[in-house]
Amino acid sequence: MTAFSLNPEQTARCAQLRELAAERLRPLVEAHAKGEEGGVNRPLTEALGELGLLEGLFTSGALDLCLMRESLARVCTEAETALALQGLGAHPVHAYGSLEQREHWLPPTRAGRAIAAFALSEPGAGSDAAALALRAEPDGSAGWRLTGEKSWISNAPEADFYTVFARTSPDAGARGVTAFLVPADRAGLTGAPLDMLSPHPIGTLAFDGVRVFAADVLGDVDHGFRVAMTTLNRFRPSVGAFAVGMAQAALDAALAHTADRDAFGGKLKDLQAVSHQVAEMATRTEAARLLVYAAAAAYDRGEPDIAGRAAMAKLFATETAQFVVDTAVQLHGARALQRGHLLEHLYREVRAPRIYEGASEVQRAVIAKELYSKEPIA
Ligand SMILES: Cc1cc2nc3c(=O)[nH]c(=O)nc-3n(C[C@H](O)[C@H](O)[C@H](O)COP(=O)(O)OP(=O)(O)OC[C@H]3O[C@@H](n4cnc5c(N)ncnc54)[C@H](O)[C@@H]3O)c2cc1C
């Protein structure tokens, strides 16, 4: 890729992904939903495995991951989210798991038969994740017992395994957290679904003395915060790509609708107030896309200052997508708010990425920290 465009192979791959999403994945979402959303769509995740897309989560660079997420999101946000959640939940196992953990969990995760989840957030610890309080208390020499709560965990309580971040050293902040791979069938682990505006499966988890052992640790004891942060860093630019895909879908819909809708003796697009809004949507979407591609390509090249660039990409793309989807709703009028309309779906979908994996304000804090850490220009 140059700084300005994808190469022909990448462009062709994106088109192929959009076609797969429309022909193979969208029908599975419609079959699952039948008017109702929520609940893990296992046939959809298995299809992502059969198509080799889940394998790509573990073998692709950051840019390829972005192209995959953007292409799927443009056609089928549910498929995009199912894919991303397998990555978020299983990346810690891929990157930090023992041979035994990897051999046991990664093949079924790649095949879409095992559902993964990433359990970091708690009612009292969201943006300030280092304040997490779920206790891992020593249980003789055998291991630990986990006690506490996790909340807003995507794929909970239906996942087959959870990457759980727990406090092994009290009062040690980020330095006292350990990551554990916890199979869903461990005694004492329960959960409940949450009814959210965002249309993907999510819930709470309750740990009542759940036993975990040395073989369940991911990475090293008390070094789990690094497991969480490297996972989130890897996925950050691609959250922006998800947003770009949604923005493009909304822009495509707005273009088609304003070209077709009769109004005042012409078409809606003949009104300059309308066509200039569409031009603004397209310009901001393209700017967001370029920022995302640049951040991901920099990550792949191992350049310094990745944190700030990834934060800019996530911040700008998610805020842009909100603007573009909202404007597309406006240009469609009432029909966009009807349940089942693409824009009604995108309107619910687009809100959460400005909050999760680092809220917009947190991204600004990351960017500012990096800016002020540099030598001042004389
Ligand atoms: C749809 C969805 C899916 C999710 N999936 C998962 C998941 O799979 N796993 C998981 O662990 N968590 C998940 N989460 C939780 C998510 O990570 C948290 O919501 C997020 O970290 C923010 O935490 P909070 O909601 O507690 O908000 P708080 O941390 O209480 O923040 C509230 C607001 O305060 C402001 N704020 C916070 N910190 C700062 C700051 N430093 N500077 C300036 N302003 C600030 C921001 O406006 C922020 O939105 C999900 C959330 C949603 C909505």
**Prompt:** Exactly one of (1) within 16 Å of the ligand (Cβ to nearest atom); (2) surrounded by 16 or more Cβ atoms within 10 Å (Cβ to Cβ) is unmet by residue 371. Its number?
**Reply:** (2)
**Asked** Any residue in segment 116-137 that is over 18 Å from residue 228 (Cβ atoms), among the charged types (D, E, K, R), away from the ligand (no atom under 16 Å from the Cβ) and touching an Asp or Glu at 6+ places or on another chain (Cβ under 6 Å)?
**Response** no
**Asked** On the given criteria, is residue 188 of a type outside the set (A, V, I, L, M, F, W, C), within 16 Å of the ligand (Cβ to nearest atom) and over 24 Å from the mean Cα position of the chain (by Cα)?
**Response** no
**Prompt:** For residue 33, are the conditions met, namely being modelled with pLDDT under 95 and either among the small types (Gly, Ala, Ser) or assigned by TED's automatic domain parsing to the domain that holds residue 154 (or both)?
**Reply:** yes
**Message:** Give me the residue from segment 151-162 that is more than 9 Å from the ligand (Cβ to nearest atom) and assigned to a strand (DSSP E or B) and, out of that set, surrounded by the most Cβ atoms within 10 Å (Cβ to Cβ).
**Reply:** 162
**Prompt:** Tally time: how many residues in segment 187-232 are surrounded by 16 or more Cβ atoms within 10 Å (Cβ to Cβ) and of a type in the set (S, T, N, Q)?
**Reply:** 3
**Complete:** Among the residues of segment 358-377, the number that are modelled with pLDDT under 95 and not in a helix (DSSP H, G or I) is 4
**Item:** Scope segment 89-103; condition aromatic (Phe, Trp, Tyr) and under 10 Å from residue 181 (Cα atoms); matching residues
**Value:** none
**Complete:** All-but-one check, residue 33 against (1) within 28 Å of residue 150 (Cα to Cα); (2) more than 15 Å from the ligand (Cβ to nearest atom); (3) buried (at least 17 other Cβ atoms within 10 Å of the Cβ); (4) among the hydrophobic types (A, V, I, L, M, F, W, C), failing number (3)
**Item:** Members of segment 110-139 found to be surrounded by fewer than 17 Cβ atoms within 10 Å (Cβ to Cβ) and assigned to a loop (DSSP other than H, G, I, E, B), listed by number
**Value:** 113, 123, 124, 127, 128, 133
**Request:** Would you confirm whether any residue within segment 87-109 is charged (D, E, K, R) and under 15 Å from residue 164 (Cβ atoms)?
**Result:** no
**Request:** Could you figure out which of (1) part of a loop (DSSP other than H, G, I, E, B); (2) on the phi < 0 side of the Ramachandran plot isn't true of residue 56?
**Result:** (1)
**Asked** What is the one condition in (1) within 15 Å of the ligand (Cβ to nearest atom); (2) part of a loop (DSSP other than H, G, I, E, B); (3) at positive phi that residue 148 does not satisfy?
**Response** (2)
**Message:** I need the full set of residues from segment 124-153 which are of a type outside the set (A, V, I, L, M, F, W, C) and under 22 Å from residue 361 (Cβ atoms), in order please.
**Reply:** 124, 126, 127, 128, 151
**Message:** Within segment 65-85, does at least one residue satisfy the condition of being surrounded by fewer than 24 Cβ atoms within 10 Å (Cβ to Cβ) and without any contact (Cβ under 8 Å) to a residue 40 or more places away in the chain?
**Reply:** no
**Item:** Residue match in segment 154-164 (condition: more than 24 Å from the chain's Cα centre (by Cα), outside the structural domain of residue 29 (by TED's automatic domain parsing) and small (Gly, Ala, Ser))
**Value:** no
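The values are calculated or read from the model by the stated rules, or taken from the named source; none is laboratory data. These numbers were taken from a predicted model, which means no experiment stands behind them. Neighbour counts run over all protein chains shown; Cβ positions are idealised from the backbone, glycine included.
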